[in-house]
1. At a Cα cut-off below 14 Å, give the aspartates and glutamates reachable from LYS83, other chains included and same-chain residues fewer than 8 away excluded.
2. Before anything else, pin down the relative contact order of the chain: Cα pairs under 8 Å, at least 6 apart, normalised by residue count, whole percent.
3. I want to check the label-to-label distance for TYR67 and SER381. Put each point 7 Å from Cα in the C-beta direction and report it in nm to one decimal.
4. Most mobile of GLY152, GLY250, GLY102 per a Gaussian network model of the chain (Cα springs, under 10 Å)?
5. Cut-off under 17 Å on the C-alpha distance; same-chain residues fewer than 8 positions from LYS57 excluded. Which lysines are left, in chain and number order?
6. Given the options ASP62, ASP226, ASP347, which has the most mean-square fluctuation in a GNM of the chain, springs set between C-alpha atoms less than 10 angstrom apart?
7. Tell me which residues come under 5 Å, amide H to amide H, from ILE204 once H is placed; ignore anything under 5 positions away on its chain.
8. For every other residue with a beta carbon closer than 11 angstrom to the beta carbon of ILE14, add +1 if it is Lys or Arg and -1 if Asp or Glu, then tell me the sum.
Amino acid sequence: MIAMEKLSGRIRKISGSQTMAMNQKSRDLQSQGKDIINLSVGEPDFHTPPHVKDAAKKAIDDNFSFYSPVGGYSDLKEAISQKLLRENNLHYSTENIIVSNGAKHSIANALMVLVDEGDEVIVPAPYWVSYVELAKLAGGTNVIIQSGIGSGFKVTPEQIEEAITPKTKVLLLCSPGNPTGSVYTKDELSDIAQVLTRYPNVFIISDEIYEHINYLGQHNSIADFDELRDRVVVVNGVSKAYAMTGWRIGYMAASTWIVKACSKLQGHFTSGPSSIAQKASVAALNGDNSYTEKMREAFLRRRNLVIERAGNIPGMVLSKPDGAFYIFPDISSYVGLAHEGKVIKDDTDFCLFLLEQAHVAAVPGEAFGAPNHIRISYATSDSKLDEAFDRIEKALKKLS
Ligand code: PMP
Ligand code: GLU
């Protein structure tokens with residue numbers, strides 16, 4: 001048996017990904033024959049578009065089987081550069097772009113090359129689970145700023161300014177956001193940009209992976225503000241927009257010195273991402289967006305469905321998300337209730353209760369820095385969602 005204390009301090013100081021853990025738990029139960037509705041992990045339930053699959057098959061036949069350049073093929077970087085111009089009006093040349101093994105890897109790269117031991121990383125909560133662990137891995141200290149249902153789960157420029165110290169290196173922004181679905185408007189980003197302009201040593205990692213799952217319309221990026229441009233690291237990828245979570249392609253657009261540093265790191269850690277998946281991603285980015293739009297419409301319909309169903313459950317308090325595919329209800333009113341002598345002490349107990357009694361998997365809010373909440377992903381079929389809420393309603397009636 002390997003003793004925990006033999007492991008490096010580096011790995012011991014971080015926790016595992018609870019989104020991934022809950023997904024695995026659901027899979028294990030499903031493979032034991034249990035009828036679990038998995039609303040834990042956030043990934044589109046749609047299949048990758050046919051023209052993207054065809055491009056991957058062609059890449060195999062054309063023998064794209066060798067190492068790719070560390071930072072990605074030039075045609076993919078060109079497609080990303082054109083996408084950023086076409087869809088976001090952002091001018092980035094291919095030298096400003098590096099392709100990685102998913103947006104998660106891009107974020108990890110950015111933190112590893114920017115953050116030094118003792119640097120502070122500002123993370124608005126509720127936050128996506130991996131930000132704080134990756135920041136710790138890079139040696140950073142997380143400075144969490146809170147937001148709640150009252151502010152639509154968005155932080156204010158004043159909160160950001162209060163959190164900035166001489167040690168602040170990075171601010172992490174995620175819009176549309178995971179786990180809350182909050183979307184910062186152009187005006188809100190402009191107010192945040194005004195504050196950040198006064199702090200030239202602070203870098204901004206802008207996670208825009210849910211760009212296309214936005215029910216307000218046009219996506220806005222903090223990179224749009226010229227005065228910040230050199231300090232913004234835009235992170236995006238193909239996972240959510242093109243239903244390609246398993247293909248593992250993400251990218252970053254940033255100043256060339258940041259991109260070069262990430263390339264140096266990536267050259268040792270992973271080399272270039274999968275050659276086949278890169279060729280598929282070229283087809284995704286250069287192809288038409290009607291498939292993405294169809295998915296967005298389905299997510300909007302499901303958002304309305306789950307808001308109505310969760311809203312009708314007594315004691316579940318929630319806000320209406322403007323993007324991504326999650327709801328993030330406050331379940332505090334259930335804490336302290338019990339079933340067959342088992343007391344629900346917190347959101348983790350609440351999720352375990354749902355798993356055992358309703359066979360529905362969700363993720364405890366504590367994983368996202370927001371205890372007494374749970375995250376429910378609605379990236380699954382309307383009928384499964386209806387069934388899940390029938391089960392949740394029935395199970396919660398057992399609590400007293
Ligand atoms: N950022 C956020 C906010 C996410 O929800 C995800 C999905 N897990 C990622 C980044 C990573 O996406 P990818 O699949 O491209 O690594
Ligand atoms: N975006 C998904 C989630 O948050 C994927 C899981 C992960 O990468 O953490 O559930």
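Where a number appears in this text, it was derived from the coordinates with a stated rule and is not lab data. Bear in mind that the values here come from a model prediction, so they are computed numbers and not experimental data. All Cβ positions, even for glycine, are placed from backbone atoms using ideal geometry, and neighbour counts span all protein chains on display.
1. Cross-link targets: ASP75, GLU208, GLU211, ASP288.
2. Over the chain, the number comes to 23 percent.
3. A separation of 4.5 nm, rounded to one decimal place.
4. Of the options given, GLY152 has the highest mean-square fluctuation.
5. Within the straight-line limit of under 17 Å, LYS57 reaches these lysines: LYS279.
6. ASP62
7. Placed amide hydrogens put LEU171, VAL232, VAL233 under 5 Å from ILE204.
8. +3
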